[in-house]
Amino acid sequence: MPVDLNWYLSLSAVLFTLGVLGVLLRRNAIVVFLSIELMLNAVNLSLVAFSQAFGDVDGQVLVFFVMAVAAAEAAVGLAIVIALFRNRETVNIDDISLLRG
Amino acid sequence: MLETFLFFLFAVLAVAGGLGLVTSRNPVSGALWMVLCLFAIASLYLTLNAAFIGVAQILVYAGAIMVLFLFVIMLLNLGALPALGGLTPRRLVSAALTVVVLAQLLAVVAIRFTGAPALPTADVPVEATSTEALGIALFTDHAFSLEMIGVLLLAATIGAVLLAKRRFV
């Protein structure tokens, strides 16, 4: 029974859904961030699977760029979390839903 | 046969890591579950002949980004969160939405990709997706994007330092 593209795409769908579940259910800003990273990884997995299935290296190039952007996003996002915690003493996203200080 | 076994092993590990992230009460243990998930996905990249991406995943995600997350979690010193207890209406709506998303994704996979080309097996090395081909593509076709990614990382670093400074606005 060979491993084909469908299996990797299905696994990617399950991981993406777990990320969606984390964003919808959890109220901690850091856990929400981690769930977003999980969704990015699920999409990366499907990109690499497509790259292998069609013998085209451009999918892996896109994964490389997604990783770099995710690193930048994590740095800025965690700095925002630290700034919010300094002002409000909380990281519950229900308490910090307003943009005005 | 070995490929099937490895795929299921790492798939189960990745899904277990994702479930642990969503259900764990303590953010530190959630981040460690996420590290397990990232390692499993890196191993899946290796089964897909994407060696460079797999190593970069371990170095960048598990090595740098997750350490940054753990550092911030421990810096903020948050207590344990309340358990995911009762079924509030919002949680029911969230679960229903999640089931809809999963059903859509799996339906697309089942309908569109049933006749997709089979993946080349591991004993046939695929030159088109090797690390050498990836490097050639990065530094010729995508050289401008690569430079822009460097500028983006510099801008993000400066922005993060400004945001986390003590006397910001």
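The values are calculated or read from the model by the stated rules, or taken from the named source; none is laboratory data. The structure presented is a predicted model; accordingly, all values stated were derived computationally and were not measured. In this analysis, Cβ positions are derived from the backbone assuming ideal geometry, glycine residues included, and neighbour counts consider all displayed protein chains.
Worth pointing out:
- Checking A:12, A:46 one by one, the residue that is surrounded by 24 or more Cβ atoms within 10 Å (Cβ to Cβ) and either more than 7 Å from every other protein chain (Cβ to nearest Cβ) or within 17 Å of residue B:51 (Cα to Cα) (or both) is A:12 and no other.
- Every residue from segment B:129-167 that is in contact (Cβ under 8 Å) with a residue 12 or more places away in the chain and not small (Gly, Ala, Ser): B:129, B:131, B:134
- The residues in segment A:16-28 that are touching a helix residue (DSSP H, G or I) at 6+ places or on another chain (Cβ under 8 Å) and either outside any helix (DSSP H, G or I) or within 22 Å of residue B:86 (Cβ to Cβ) (or both) can be counted, and the count is 9.
- Within segment A:49-63, the set of residues being buried (at least 19 other Cβ atoms within 10 Å of the Cβ) and within 7 Å of another protein chain (Cβ to nearest Cβ) comprises A:49, A:51, A:52, A:53, A:57, A:60, A:61, A:63.
- For residue B:88, the conditions (1) more than 7 Å from chain A (Cβ to nearest Cβ); (2) over 25 Å from residue A:89 (Cβ atoms) are fulfilled apart from (2).
- Top-ranked residue in segment B:50-61 [being at the interface with another protein chain (Cβ under 7 Å from one of its Cβ atoms) and of a type in the set (Gly, Ala, Ser); ranked as surrounded by the fewest Cβ atoms within 10 Å (Cβ to Cβ)]: B:56
- In segment A:1-9, the condition of being assigned to a helix (DSSP H, G or I), on the phi < 0 side of the Ramachandran plot and more than 7 Å from every other protein chain (Cβ to nearest Cβ) is met by at least one residue.
- Qualifying residue in segment B:121-137 (condition: more than 10 Å from chain A (Cβ to nearest Cβ), under 25 Å from the mean Cα position of the chain (by Cα) and either farther than 24 Å from residue A:71 by Cβ or at pLDDT 80 or above (or both)): no
- Residue match in segment B:62-69 (condition: more than 7 Å from every other protein chain (Cβ to nearest Cβ), buried (at least 17 other Cβ atoms within 10 Å of the Cβ) and of a type outside the set (Lys, Arg)): yes
- Across segment B:24-49, the number of residues qualifying as in a helix (DSSP H, G or I), in contact (Cβ under 8 Å) with a residue 24 or more places away in the chain and within 9 Å of chain A (Cβ to nearest Cβ) comes to 8.
- Checked against (1) modelled with pLDDT of 85 or more; (2) in contact with a helix residue (DSSP H, G or I) (Cβ under 8 Å, 6 or more places away or on another chain); (3) not small (Gly, Ala, Ser), residue B:117 passes all but condition (1).
- Taken across segment A:76-85, residues that are touching a strand residue (DSSP E or B) at 6+ places or on another chain (Cβ under 8 Å), farther than 30 Å from residue B:138 by Cβ, more than 7 Å from chain B (Cβ to nearest Cβ) and touching a residue at least 24 places away in the same chain (Cβ under 8 Å) do not occur at all.
- Of the residues in segment B:78-87, not one is in a helix (DSSP H, G or I) and at pLDDT below 90.
- Against the list (1) crowded, with 18+ Cβ neighbours inside 10 Å; (2) part of a helix (DSSP H, G or I), the condition residue A:80 fails is (1).
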